[in-house]
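Nothing in this text is a laboratory measurement; each read-out follows from the coordinates by a stated rule. Given the structure is predicted, the values throughout are model-derived calculations rather than measurements. Reconstructed Cβ throughout: ideal geometry from the backbone, glycine too, with neighbour counts over all protein chains shown.
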Amino acid sequence: MAYSARRGFTNGSQNPTGSRRQAEIQQRIAQMQADMDAAQKEVEAAQFTASSGGGAVEAVVSGKRELLSLSLKPETVDPQDVEMLQDLIVTAVNEALRQAADAMDKRMESASGGYLNGLNLGNISL
């Protein structure tokens, strides 16, 4: 192990040692967390729209996965066929929610640089 006033104690390689490597990892984690927070706020502010029945029913949800509005074309409302209307509503709402969830997943993966994809954070030790 060698000592350099510029690099401190090293093993001869240019790789960072001990506490400096840990500080770099902590900086990367802090940046990734900031990126993920920004991405989450971005998606939560967005709205996602889906329709069913050829546009007969339209649902709008927020990125927070809250139903914001539900629109029905008047000809869709048939008192003799309430079940069909219910199915159209469920389909439209579920599709809008799926879009919101997919957008959040994609932004989180992008913000984390893919590091969190399939990663079990319970097993990490620094």
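Output the residues belonging to the stretch 69-88 that are surrounded by 13 or more Cβ atoms within 10 Å (Cβ to Cβ) and small (Gly, Ala, Ser). Passing the criteria: only SER71.
If you go through the stretch 78-101 and pick out every residue that is of a type in the set (Asp, Glu) and within 9 Å of SER52 (Cβ to Cβ), you end up with 2. Taken over the stretch 37-86, the criterion of being over 15 Å from LYS106 (Cα atoms), in contact with a strand residue (DSSP E or B) (Cβ under 9 Å, 6 or more places away or on another chain) and either β-branched (Val, Ile, Thr) or in contact (Cβ under 8 Å) with a residue 40 or more places away in the chain (or both) is satisfied by THR49, ALA50, SER51, SER52, VAL57, VAL60, VAL61, THR76.
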